[in-house]
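So the structure is just underneath, and the comments pick up after that.
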Amino acid sequence: MYDFIKNQDSEVYGAIEREEQRQSEGIELIPSENYVSEAVLEACGSILTNKYSEGYPGKRYYGGQENIDTIENLAIDRAKKLFCAEHVNVQPYSGSPANTAVYFALLEFGDTVMGLKLDHGGHITHGLPIAFSGRAYHFVQYGVNKKTGRLDMEEVRQLALTHKPKMIVAGFTAYPRDIEWKKFKAIADEVGAIAMADISHTAGLVAAGVLESPVPYFDVITTTTHKTLRGPRGAIIMCKEKYAKAIDRAVFPGLQGGPHEHAIAGKAVAFQEALQPAFREYAMQVKKNAHHLAEALKKRGFELVSGGTDTHLILADLTNKGISGKDAQVALDKVGITLNKNTVPDDPRPPFDPSGIRMGTPAITTRGMKEAEMEKTAEWIDRTLSVINDDKALADIKEEVKTLCLKFPVPGIKI
Ligand SMILES: *Cc1c(COP(=O)(O)O)cnc(C)c1O
């Protein structure tokens, strides 16, 4: 597959080869990651990367667009069908630029916006003070209830009544529970705010119908395409027809130049895959696996924020285990289990070395792993955290992890 790179550039080739090995021999639990299909890989590696196509299908600023327009229209039509959306823009380079484009389209600098706090599961684009969103707009941040670990919709409502935001962002990067979309929309309506949903993490589960969709209710919806949706790195923006013009103008020429048509082709291929019955099976298994992994961890004394999960995502607070999130991440890396350290709500520890770890099942479910493998994974996590300074014990676990993983090939990696 990489013959040309191999012959021409041994340094890049070597790193790709080692990364193939890492991906195939380890358990990938980072909840924002997934493995795309061979077809998506081919689209992303295609000659479409050669083409400039500023503008939109039928209204481009360069010649030679007949095939590019076909591809972008396919991506748009399939995304509309997948999410039952009125309007879709498939050009955002990634999730952060997509969110920025929405703010740029529908707000004035300095406007008041509500978003979830970063350490309660929000994203940096939802008003982190040092990020563009937090500098350009006046973000008022809501949180989760300390006791339940869940969103407190009455708190959201009271904040909205007090601050009268122009927009309410409902979006979550480390929140394991279902979202009450209708309640969010009702609060936005009560104060006259634009309702924006950022479903980056759960889009695949929403598309498959295994989680409720905000698309019928919300004014604007953004999502990355590379998480549970299992497409290439990128994002899309969906909106009601009345916001379509403003959104399109904010993406181009407001924020971006030429769209990445090779990535848009990858999105089109991935959306077609997500429209198949097999994808619904996949999404159901992602949820089942997450539930099973959560229960298996609880059985071993792990404390989960909110007590469990309704989605693909699990957040564990390791305080009672006497280990920090960072030390856990480092030890688990040594056995080939990849996850990320994460803050827990109102974390007393700093973000670089927080109290928790975040896990998810989208990637391992793509490999075909099921409940039995979740049980093994929980056992390995537990064992690893009890032998973090014992290199021999860690090496033994790594061997067991590798043996299991090699039975579940990663799409696009031949071993
Ligand atoms: C991942 C994520 C993003 C940003 O996506 P990038 O592609 O990394 O820029 C935005 N919002 C949420 C909720 C996310 O989970």
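The values are calculated or read from the model by the stated rules, or taken from the named source; none is laboratory data. Because the structure is predicted, anything quoted here is derived from the model rather than measured. Using ideal geometry, Cβ is built from the backbone for each residue, glycine included, and neighbour counts are taken over all protein chains shown.
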- Restricted to region 394-409, and to residues that are part of a helix (DSSP H, G or I) and among the charged types (D, E, K, R), which residue is surrounded by the most Cβ atoms within 10 Å (Cβ to Cβ)? LYS398
- Residue check: is PHE172 buried (at least 19 other Cβ atoms within 10 Å of the Cβ) and within 26 Å of ALA263 (Cα to Cα)? yes
- Message: Looking only at region 144-176, count every residue that is within 16 Å of the ligand (Cβ to nearest atom), under 24 Å from LEU106 (Cα atoms) and of a type in the set (A, V, I, L, M) and tell me the total.
- Response: 4
- Note on the structure: Restricting region 1-39 to residues that are assigned to a helix (DSSP H, G or I) and in contact with a Lys or Arg (Cβ under 8 Å, 6 or more places away or on another chain), the one surrounded by the fewest Cβ atoms within 10 Å (Cβ to Cβ) turns out to be TYR13
- Message: Which numbered condition in (1) more than 16 Å from the ligand (Cβ to nearest atom); (2) surrounded by 21 or more Cβ atoms within 10 Å (Cβ to Cβ) is the only one that SER46 fails?
- Response: (2)
- Message: What are the pairs with Cβ atoms under 7 angstrom where one residue, in region 360-389, is at positive phi and the other, located anywhere, is at pLDDT 95 or above and assigned to a loop (DSSP other than H, G, I, E, B)? Sequence gap at least six, or different chains.
- Response: GLY368/PHE408
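Rundown of residues vs (1) under 24 Å from the mean Cα position of the chain (by Cα); (2) of a type in the set (Gly, Ala, Ser), yes/no style:
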| site | (1), (2) |
| --- | --- |
| PHE109 | no, no |
| MET114 | yes, no |
| HIS126 | yes, no |
| PRO129 | yes, no |
| GLY149 | yes, yes |
| MET167 | yes, no |
| ASP189 | no, no |
| SER213 | yes, yes |
- Residue count, region 207-236, condition within 13 Å of the ligand (Cβ to nearest atom) and out of contact with any strand residue (DSSP E or B) (no Cβ under 8 Å at 6 or more places or on another chain), comes to 5
- Residue match in region 320-329 (condition: surrounded by fewer than 16 Cβ atoms within 10 Å (Cβ to Cβ), polar (S, T, N, Q) and not assigned by TED's automatic domain parsing to the domain that holds GLY55): yes
- Within region 211-315, which helices (runs of 4 or more DSSP H) (wholly inside it) include 3 or more residues that are in the same structural domain as ASN50 (by TED's automatic domain parsing) and touching a Pro at 6+ places or on another chain (Cβ under 8 Å)? 261-274
- Message: Just to be sure I understand the filter: pairs with C-beta atoms under 6 Å, separated by 6 or more residues or on different chains, first member in region 85-112 and free of Cβ contacts under 8 Å to residues at least 40 places away in the same chain, second member among the small types (Gly, Ala, Ser). Which pairs pass?
- Response: PHE109/ALA136
- Query: Is there any pair with a first residue in region 195-208 that is assigned by TED's automatic domain parsing to the domain that holds VAL113 and among the charged types (D, E, K, R) and a second that is outside any loop (DSSP other than H, G, I, E, B) and near the ligand (Cβ under 8 Å from one of its atoms) whose Cβ atoms are under 6 Å apart and which are 6 or more apart or on different chains, and what are they?
  - Reply: ASP198/GLY171; ASP198/THR222
- Task: Could you tell me which residue of region 88-143 is farthest from the ligand (Cβ to nearest atom), considering only residues that are part of a loop (DSSP other than H, G, I, E, B) and among the acidic types (Asp, Glu)?
- Result: GLU108
- Those residues of region 184-206 which are part of a loop (DSSP other than H, G, I, E, B) and more than 13 Å from the ligand (Cβ to nearest atom) amount to GLY192, ALA193
